[in-house]
Amino acid sequence: VLQIVKESQQQHGLRHGDFQRYRGYCSRRLRRLRKTLNFKMGNRHKFTGKKVTEEILSDNRYLLLILMDAERAWSYAMQLKQEANTEPRKRFHLLSRLRKAVKHAEELERLCESNRVDAKTKLEAQAYMAYLTGMLRFEHQEWKAAMEAFNKCKTIYEKLANAFTEEQAVLYNQRVEEISPNIRYCAYNIGDQSAMNELMQMRLRSGGTEGLLAEKLEALITQTRAKQAATMSEVEWRGRTVPVKIDKVRIFLLGLADNEAAIAQAENEETKERLFESLLSECRDAIQAVREELKPDQKQREHSLENDSGKVSNIQYLHSYLTYIKLSTAIKRNESMAKSLQKALLQQQRSDEDGKRSPRPQDLIRLYDIILQNLVELTQLPGLEEDKKFQKEIGLKTLVYKAYRCFFIAQSYVLVKKWSEALVLYERVLKYAREVQSGAGAHRSSLKELPDVQDLITQVNAEKYSLQAAAILDANDPHETESPSQVKDGKPLSERFETFCLDPSLVSKQVSLVHFPPGFQPIPCKPLFFDLALNHVAFPPLEDKVEQKAKSGLTGYIKGIFGFKS
C-alpha cells in the first residue's frame with residue numbers, strides 16, 4: 001500500500017506540492033480501473049452504486065479502487081488546506097474530505113481482513129487507516145486520539161521495517177520520520193513540555209518542517225517565544241542597556257541563541273546554509289519592525305542628538321545592534337561557504353577529476369569581497385563611531401580577510417603563470433598577517449572565531465618556494481619558448497601550410513582554417529566612355545521652322561481641326 005501511494009504521489013505532483021494535479025490523477029486512474037474491471041456505477045442517465053465485497057476480490061485491483069478513492073479525498077483535503085490560509089470557510093470542506101478519506105481507509109482495512117489478502121498487506125492497510133485517522137484527529141485538535149493513532153501507525157511501520165530488507169525498509173523509515181514530529185506536537189499539547197524542545201531541535205536540524213505540521217509548529221514556536229518575550233524588557237550590548245518594546249524584536253532575540261546553536265551543530269553544509277538563510281530572514285523582519293518605529297521618532301531622535309552630544313537614541317542603538325547581528329551572520333555564512341570551497345579546491349588539486357564545473361580561486365575572491373564590504377558597513381553603524389575598541393576589532397578582522405583575499409588573488413595569477421604578480425601578492429599577504437599578529441594583543445579573544453593567520457603564513461611560505469621553482473622551470477623550458485605550437489600568431493591553417501605545428505585547436509569546435517569573410521582585394525575599374533566629339537558638332541539652324549509655327553495663328557488651328565496640312 002505504502003509503496004503504491006508513494007510512487008503515485010512522487011510521479012504526479014506531490015514532489016512540488018501540487019495536490020490538485022495528484023487529485024486529477026487519482027480520478028483518472030479510478031475511471032480506468034472501473035472500465036477495466038467492468039465495475040461501472042450505472043450509465044450516463046442513471047447512477048447505480050456498487051460496493052466492493054469480499055466475494056468479488058478475485059483481482060487485487062478491486063482493493064486499488066478503494067485506495068484511490070481514499071487518496072483522492074486526502075489530496076483534495078490537502079489542496080483545501082493550502083487554500084484555507086486565505087479563505088477560512090474552506091476548512092469545513094477540508095474536514096469533510098478527510099472524514100471521507102478515513103471512511104474509505106476503514107473499508108480498505110475491512111476488506112483486507114479477508115483470507116485472500118496476505119499478512120503484509122493487512123498490516124499496511126491498518127497503518128494507512130491509522131495514519132489518516134491521526135490526521136483527521138489532528139485537524140480536530142483531539143490531541144490524545146491523534147497521538148494514539150499516530151503511535152499505532154509508527155509501531156506498525158517500525159515492525160515492517162525490521163521484517164524486510166534494508167532497501168524495502170527505507171520507505172517505512174521515511175514514513176516514521178514524517179509522523180514523529182506530529183506525535184511530539186500532540187504530546188506537547190497534552191502537557192509534555194519536553195516535547196517542545198525536541199520539536200525545536202528537529203525544526204532547526206532540518207532547516208524547516210514540511211507537510212501537515214509546518215504551519216502549526218511555526219505558530220507554536222512563535223507563541224512559546226512570545227510568552228518568554230513577555231518577561232524580556234531590555235538587552236545589553238557593548239556596555240549599554242537598551243529597552244526592547246517591540247514584540248517581534250523580542251521574539252527574534254530570544255530565538256537567536258537557539259538558532260546559532262543549531263548552526264554550530266548542523267550536520268552538513270546544505271543544512272547550515274538553510275539555517276543561515278532562516279536566521280537572516282528573521283533578522284531582516286526584526287530590523288523592518290524597528291525602522292517603522294524609527295520613522296515617527298525622527299524629530300525626537302534629532303533632538304536627542306543635539307542634547308546628548310552625539311549619543312544616539314535607544315531605538316537607533318537597537319537598530320544598530322540588529323544590523324550588527326545581520327552583518328555578522330552574513331560574514332559567518334560567507335566564511336562557511338569559503339571554507340567549503342577551499343576544501344573542494346584542495347580535493348580538486350589532488351584528484352583533478354573531470355565533470356561539472358569545478359571551483360576556482362575567483363569564487364573565493366568574490367566571497368571575501370562581500371565580507372570586506374560587510375565589515376565596512378559595521379564601522380559605519382550609528383552609535384559606534386566613538387567606540388575605539390570596536391573599531392580596532394573590525395580593523396584587525398579586515399586585515400585578516402584582506403590577507404586571505406590577496407592569497408586567493410595570488411593563486412589565480414599562478415594559474416595563468418603570472419609569477420611576478422603572484423609573488424608580490426604573497427608578500428602582501430605576509431605583510432597583512434604580520435600586522436594582525438602585532439596588533440592583536442588584547443583583542444585575541446575577538447579573533448578566536450577567525451581563520452588562523454599563522455597557518456596562512458606557513459602556507460604562503462610554502463607557496464612562495466613552489467612559485468619560484470615553477471618560474472625557473474618555466475623560463476628554462478625550451479619547449480615552452482621555441483615550439484611553434486606555443487606561439488599563437490592568429491594565422492589560419494591556409495596561411496601556414498609550410499610550417500609544422502601541433503595545434504590542438506584544429507580538433508576543436510572553433511578551428512581556424514581560413515579568414516572568413518575574406519578581406520577586400522583591389523580589382524581593375526570598369527571603363528568609362530566620354531563623348532568628346534559632341535562638343536565640336538554644329539547643329540542645323542531651326543529659325544525658319546520656329547517663325548512658320550508662330551505665323552500659323554487661327555487659320556492653322558482651323559486647318560488642323562479639319563485635317564488639312566500645309
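Could you tell me whether the stretch 21-44 includes any residue that is under 23 Å from residue 77 (Cβ atoms) and over 45 Å from the mean Cα position of the chain (by Cα)? Yes: the stretch 21-44 contains one or more residues that are under 23 Å from residue 77 (Cβ atoms) and over 45 Å from the mean Cα position of the chain (by Cα). Exactly one residue out of 62, 22 is open to solvent by 20 Å² or more (accessible area, probe 1.4 Å), of a type in the set (Ser, Thr, Tyr) and closer than 27 Å to residue 175 by Cβ, and it is 62. For residue 88, work out the one condition from (1) within 35 Å of the chain's Cα centre (by Cα); (2) surrounded by 14 or more Cβ atoms within 10 Å (Cβ to Cβ); (3) free of Cβ contacts under 8 Å to residues at least 12 places away in the same chain it doesn't fulfil. With respect to (1) within 35 Å of the chain's Cα centre (by Cα); (2) surrounded by 14 or more Cβ atoms within 10 Å (Cβ to Cβ); (3) free of Cβ contacts under 8 Å to residues at least 12 places away in the same chain, residue 88 is out only on (2).
Each row is one residue, and each column tells you yes or no for (1) outside any helix (DSSP H, G or I); (2) within 25 Å of residue 390 (Cβ to Cβ); (3) modelled with pLDDT of 85 or more.
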{"residue": "231", "(1), (2), (3)": "yes, no, no"}
{"residue": "236", "(1), (2), (3)": "yes, yes, no"}
{"residue": "241", "(1), (2), (3)": "yes, yes, no"}
{"residue": "248", "(1), (2), (3)": "no, no, no"}
{"residue": "296", "(1), (2), (3)": "yes, no, no"}
{"residue": "321", "(1), (2), (3)": "no, yes, yes"}
{"residue": "324", "(1), (2), (3)": "no, yes, yes"}
{"residue": "329", "(1), (2), (3)": "no, yes, yes"}
{"residue": "336", "(1), (2), (3)": "no, yes, yes"}
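Residues of the stretch 415-440 that are hydroxyl-bearing (Ser, Thr, Tyr) and either surrounded by fewer than 18 Cβ atoms within 10 Å (Cβ to Cβ) or in a loop (DSSP other than H, G, I, E, B) (or both): 420, 438. Of all residues in the stretch 21-55, those satisfying the criterion of being at pLDDT 80 or above and among the small types (Gly, Ala, Ser) are 24, 27.
All of 174, 141 fail the test of being assigned to a helix (DSSP H, G or I), within 37 Å of the chain's Cα centre (by Cα) and assigned by the TED database to the domain that holds residue 60, apart from 174. So if I check each of 100, 35, 6, which one is open to solvent by 70 Å² or more (accessible area, probe 1.4 Å) and either assigned to a loop (DSSP other than H, G, I, E, B) or within 25 Å of residue 139 (Cα to Cα) (or both)? Result: 100 is the single residue among 100, 35, 6 that is open to solvent by 70 Å² or more (accessible area, probe 1.4 Å) and either assigned to a loop (DSSP other than H, G, I, E, B) or within 25 Å of residue 139 (Cα to Cα) (or both).
The values are calculated or read from the model by the stated rules, or taken from the named source; none is laboratory data. Since the structure is predicted, the reported quantities are computational estimates derived from the model, not experimental observations. Positions of Cβ are backbone-derived with ideal geometry, glycine not excepted, and every protein chain shown enters the neighbour counts. For accessibility, only protein heavy atoms count, side chains too; no ligands or nucleic acids. Shrake-Rupley method; radii C 1.70, N 1.55, O 1.52, S 1.80 Å.
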